[in-house]
Amino acid sequence: MKFILLYRDYCSLCKMMLEQLKQLQTQYAFDIEIQDIDSDNPLLPQDDELVPVLLDENYHEICHWHFNENQFLNILNARRNTD
């Protein structure tokens, strides 16, 4: 299972969300794909003001600005139950 994090290097909220994801990654098996929103990203116009944005592998938004652990775990568990 993969999640996509739209990220900026100089963004403190981005770093915080990534750290929270990495902590959960040690407990649950999932991949994190980090996409730099400023490097010619086609998602830039719609997500520029929302960074960081956490997406599922189908590019559906899970949360933005602040990590929503409950929502993330609900999605993670739902996907595991369908596999």
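Miscellaneous remarks
- Those residues of the range 61-72 which are open to solvent by 30 Å² or more (accessible area, probe 1.4 Å) and assigned to a helix (DSSP H, G or I), in sequence order: 69, 70, 71
- Residue that is modelled with the lowest pLDDT [pool: residues in the range 74-83 that are part of a helix (DSSP H, G or I) and more than 24 Å from residue 36 (Cα to Cα)]: 82
- The set of residues in the range 6-29 that are of a type in the set (A, V, I, L, M, F, W, C) and modelled with pLDDT of 95 or more comprises 13, 14, 16, 17, 18, 21, 24.
- Among residues of the range 12-35, those that are of a type outside the set (Phe, Trp, Tyr), assigned to a loop (DSSP other than H, G, I, E, B) and open to solvent by less than 20 Å² (accessible area, probe 1.4 Å), counted: 0
- Test for residue 58: is it open to solvent by 50 Å² or more (accessible area, probe 1.4 Å) and at pLDDT below 95: yes
The values are calculated or read from the model by the stated rules, or taken from the named source; none is laboratory data. All of these numbers come straight from a predicted model, not from anything done at the bench. When the accessible area is computed, the model is the full protein with side chains, heavy atoms only, and any ligands, DNA or RNA have been set aside. Shrake-Rupley method; radii C 1.70, N 1.55, O 1.52, S 1.80 Å.
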